[in-house]
Amino acid sequence: MLFNSLDFALFLPLVFTLYWTLSRFGTRFQNSIIVVASYVFYGWWDWRFLTLILFSTVVDYSVGILMSKETKESRRKGLLWLSILVNLGLLGFFKYSNFFIENFISAFTVFGSSISISSLNIILPVGISFYTFQTLSYSIDIYRKKLEPTKDFVSFCAFVSFFPQLVAGPIERATNLLPQFYHKRTFNYESAVNGMRQILWGLVKKMVIADNAAVLANEIFNNSESLPGSALALGAIFFTFQIYGDFSGYSDIAIGTARLFGFNLMQNFAFPYFSRDISEFWRRWHISLSTWFRDYVYIPLGGSRGSSIQNVRNVFAIFLISGFWHGANWTFIFWGGLNALYFLPLLLAKRNRIHTNHVAEGRIFATFKEIGQIVFTFSLSVFAWIFFRAENLTHAFDFISGMFSPSLFSFPPILDKNDTLICLISIGVFIIIEWLGREGQFAIDNLLNKWPRVLRYAFYYALIIGIIMLAGEEQEFIYFQF
Amino acid sequence: MRKFILNCLLFILPGMILFGWFEMRVRQFKNVTSQRVEALSEPASPIEVLVLGNSHSGDGVDPRQFDMHTYNIAQGSQSLYFDIEITKKYLDNLSSLKYVLISMDYHSLYFTHSEVRDFMYSHYYGIRYKDQGFDRSDISLSLYGYGLETSWGMMNREPLQATRGWWGSHKKTLTEKLTAKKAQQRVQSFDKMIEKNKDERLYYLNKLNDFIVELKSRNVTPVFLTLPGHNYYVQALDSSSAARNASDVESLCKKHDLTHFNFINDIGLPDTIFYNVDHLNRTGAVLYSQKINEALNALEQH
């Protein structure tokens, strides 16, 4: 079920009403409604994959309980490895089997022998990369004794399958989300209104920005060999906004929806395109995944402690794994590696934590220096996204060589189209609103607080009309494939 | 929570009222299809000749050129399925009906339906493709049928006036589209469809057979019609598919003693009568409608 679909527009009010009207029956009842709603939500795509979620849930629930009873360290470690192997095994099988088979065949071909193995016809279950990481965090935190295992199976099911963030995050930590299922939620008007506001802004990001930018980015990337450099540069920029609008839009809708049910999910995007360097970008982009890798991969590897060589190794490890997490394609791995290269100089010069506040905090305008930093960081991201979007590495390199040709300075033919201009204007207005609201959790979080109600409502109506009039061709959320 | 729900309802109420009004306007908009439905629903309809088919006969048969009262319900991407179901639905009203012209084109036995247009048949004629159930356009014609952009456009224009169901959309010749390459591309798209839907052929032949039996039982004569194509188009047709089509139509004609007005092999036709490689323009429609009229008159006297 897509967030920007009629199905969800009917599903959400129905579940919301049921949830709150029946909440007098207690926490367990609330959780049960969430579990049923989440399974319906997920089963809407393919009910067969519900068995995978259930299997993952049962394994980690049992591992958690067994681990808490076990005193012997080696056995506790064994149980942790069982959870890791089951979760990563499922992920590996469904997501990476064909990648390994194809590369295995290619490697043999390079050495002159040929083998015949057919790739498997595997459908990737939606959201598997997200919920497996979420359940893994539970097992690891219990192993580290940061979290008490739950004995409440319904709460655990609700934690694993919580529908707002089940298929594309934020990847919640058990330490944050699971305890919220232990207590009865009571309705909070302010929080619900804020949730609705965040859903609205998420829909704007997805339907106005991402879906329109997607049409243009697709057109340019699919015809890159015949377009001038200027059009290719524009295509890379459109994709940059497509992926941001798409994914952060999804996160906003997820967080907003969770608020309607009395839950607080972590912020997943904090205006990353206003970052002043690449390390700030990575503290603001897909925060739930970045911090997951930081806590469960980077720090256990030694983090930024140790020698420079160890630092380099750890940075590359985390970025390459992050790239590979996104998809079974060398383009993602290259994208990860490129970001590691961007990040390393800052780390080695110990300048990776100099921008921890909001840019131009308390001011409307940024300084020229800040603008320069933002434009430079944004350009690095745009360049890296080319690898992320390209079909394969050859396509990416051809795209880049086409882009950096003399035709980079020609008039891009795509600018002749009305759709392109409308999309560019929408992006322009969007950037302004995001800039003005950059100190909140999302752009229109605090921005409207001081406005009179009439103006506020007029603004909401303008956004809704904007969605209706400017909505692009419906596209599935990009991160569903990851 | 009550306050929240109330405020949400109050917030969406103006929008809902506006949208409801918009939806009503879209539903009441008189387009060619709604005009056709009105004509077909008329009890004791004066229609004597009914023209079925897709855009080939939709563009190419001008009812004004006929001596008998002729009505054209052919529509772009209208499959045999809808041709037959629409006619069957209104047969009781068509008490003067003498002839039904069934357009038989290169792809007719293999074209099932156009999903994006199914809502029109469902909304206006009340007919669903193979009785498919619920469609989202039932909830909102503007959102899930026409789409908002088209619906909005409908608000700002006068309804198109069809003459006996026909509005002859193409006046000009698109000379840049009258090329061998365009013809090959067009035929290739049909060939793909034929390959994909090859199993539909028997279904449609059986459906046609039953339809013919029903028409004949009401003293209505079905006549097959194949309009001409540009030379480039005719040359690009796959000979085995064309031969199989010809044989299928011939079998039906023999079995039920029917006539096939087949103009596909007319050669040396001027470019000026075509819109593109497989559609006549208004000039071509007048010319060929007169020919069909003559042939029908001959059949009537016979």
- Message: Given the criteria over 15 Å from A:A384 (Cβ atoms) and at pLDDT 95 or above, does A:F293 qualify?
- Response: no
- Within region B:143-159, residues in contact with a Ser or Thr (Cβ under 9 Å, 6 or more places away or on another chain), closer than 11 Å to B:V26 by Cα and within 12 Å of another protein chain (Cβ to nearest Cβ) come out as B:L143, B:L148, B:S151, B:W152
- All-but-one check, A:V40 against (1) out of contact with any Phe, Trp or Tyr (no Cβ under 8 Å at 6 or more places or on another chain); (2) farther than 23 Å from A:P179 by Cβ; (3) away from every other protein chain (no Cβ under 14 Å), failing number (1)
- Message: Please go through (1) away from every other protein chain (no Cβ under 11 Å); (2) part of a helix (DSSP H, G or I); (3) of a type outside the set (V, I, T) for A:F16 and return the number of the only condition it doesn't satisfy.
- Response: (1)
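Taking A:N194 as the residue in question, decide whether it is closer than 23 Å to B:R2 by Cα, within 14 Å of chain B (Cβ to nearest Cβ) and either in contact with a His (Cβ under 8 Å, 6 or more places away or on another chain) or crowded, with 20+ Cβ neighbours inside 10 Å (or both).
Numbers: closer than 23 Å to B:R2 by Cα: yes; within 14 Å of chain B (Cβ to nearest Cβ): yes; either in contact with a His (Cβ under 8 Å, 6 or more places away or on another chain) or crowded, with 20+ Cβ neighbours inside 10 Å (or both): yes.
So A:N194 passes the test.
Being surrounded by 17 or more Cβ atoms within 10 Å (Cβ to Cβ) and out of contact with any His (no Cβ under 6 Å at 6 or more places or on another chain) is the filter here; which residues of region B:263-284 pass it? Give the derivation first.
To start, the set of residues in region B:263-284 that are surrounded by 17 or more Cβ atoms within 10 Å (Cβ to Cβ) comprises B:263-264, B:269, B:273-284.
Correct list: B:F263, B:I264, B:L269, B:I273, B:N276, B:D278, B:H279, B:L280, B:R282, B:T283, B:G284.
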- Mind listing whichever residues of region B:81-137 are of a type in the set (D, E) and in contact with a helix residue (DSSP H, G or I) (Cβ under 6 Å, 6 or more places away or on another chain)? B:D105, B:D118, B:D135
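Okay, residues lined up against (1) at pLDDT 95 or above; (2) of a type in the set (F, W, Y):
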position: B:L252; (1), (2): yes, no
position: B:L258; (1), (2): yes, no
position: B:F261; (1), (2): yes, yes
position: B:I264; (1), (2): no, no
position: B:L269; (1), (2): no, no
position: B:L287; (1), (2): yes, no
position: B:I292; (1), (2): yes, no
- Task: Read through the list (1) over 30 Å from B:L299 (Cβ atoms); (2) surrounded by fewer than 19 Cβ atoms within 10 Å (Cβ to Cβ); (3) in contact (Cβ under 8 Å) with a residue 12 or more places away in the chain; (4) not aliphatic (A, V, I, L, M), then give the number of the only condition that B:S151 fails.
- Result: (2)
- Can you find even one residue in region B:94-110 that is surrounded by fewer than 23 Cβ atoms within 10 Å (Cβ to Cβ), more than 14 Å from chain A (Cβ to nearest Cβ) and part of a helix (DSSP H, G or I)? no
- Positions within region A:290-321 being in a helix (DSSP H, G or I) and surrounded by fewer than 14 Cβ atoms within 10 Å (Cβ to Cβ), in sequence order: A:P300, A:S308, A:I309
- Task: For residues that are polar (S, T, N, Q) and more than 17 Å from A:A270 (Cα to Cα), tally how many sit in region A:413-462.
- Result: 4
- Kindly establish whether A:V86 is in contact with a helix residue (DSSP H, G or I) (Cβ under 6 Å, 6 or more places away or on another chain), without any contact (Cβ under 8 Å) to a residue 60 or more places away in the chain and farther than 25 Å from A:T257 by Cβ. yes
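Could you list all residues from region B:34-70 that are under 16 Å from the mean Cα position of the chain (by Cα) and over 25 Å from B:N276 (Cβ atoms)? If you could, list the steps in order and put the result at the bottom.
Within region B:34-70, the first condition is being under 16 Å from the mean Cα position of the chain (by Cα), and the residues that meet it are B:34-37, B:39-40, B:49-63, B:70.
Of everything in region B:34-70, those that are under 16 Å from the mean Cα position of the chain (by Cα) and over 25 Å from B:N276 (Cβ atoms) turn out to be B:S34, B:Q35, B:V37, B:A39, B:L40, B:V49, B:L50.
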- Query: Within region B:126-142, is even one residue within 14 Å of another protein chain (Cβ to nearest Cβ), among the hydroxyl-bearing types (S, T, Y) and either within 20 Å of the chain's Cα centre (by Cα) or in a helix (DSSP H, G or I) (or both)?
  - Reply: yes
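Which ranges mark the helices (runs of 4 or more DSSP H) fully within region A:368-482 that have 1 or more residues being among the hydrophobic types (A, V, I, L, M, F, W, C), buried (at least 16 other Cβ atoms within 10 Å of the Cβ) and within 14 Å of chain B (Cβ to nearest Cβ)?
Numbers: elements: A:368-389, A:393-403, A:418-436, A:453-470.
Answer list for region A:368-482: A:453-470.
Report, by residue number, each residue of region A:253-289 that is of a type in the set (S, T, N, Q), closer than 18 Å to A:I354 by Cα and assigned to a helix (DSSP H, G or I). First the steps, then the outcome.
Looking only at region A:253-289, we keep the residues that are of a type in the set (S, T, N, Q), and these are A:257, A:264, A:267-268, A:275, A:279, A:288.
Now narrow it down to the ones that are closer than 18 Å to A:I354 by Cα: A:275, A:279.
Scanning region A:253-289 gives a single hit, A:S279.
For region B:236-246, how many residues meet the condition of being under 23 Å from the mean Cα position of the chain (by Cα) and either free of Cβ contacts under 8 Å to residues at least 60 places away in the same chain or in a helix (DSSP H, G or I) (or both)? Before the answer, list the steps.
The first filter runs over region B:236-246 and keeps only residues under 23 Å from the mean Cα position of the chain (by Cα), leaving B:237, B:241-242, B:244-246.
Now drop any that are not either free of Cβ contacts under 8 Å to residues at least 60 places away in the same chain or in a helix (DSSP H, G or I) (or both), which leaves B:241-242, B:244-246.
Looking only at that region, the number is 5.
The values are calculated or read from the model by the stated rules, or taken from the named source; none is laboratory data. No experiment lies behind these values; they were computed from the predicted model shown. Quick reminder, even Gly has a Cβ in these numbers, built from the backbone with ideal geometry, and neighbours come from all protein chains shown.
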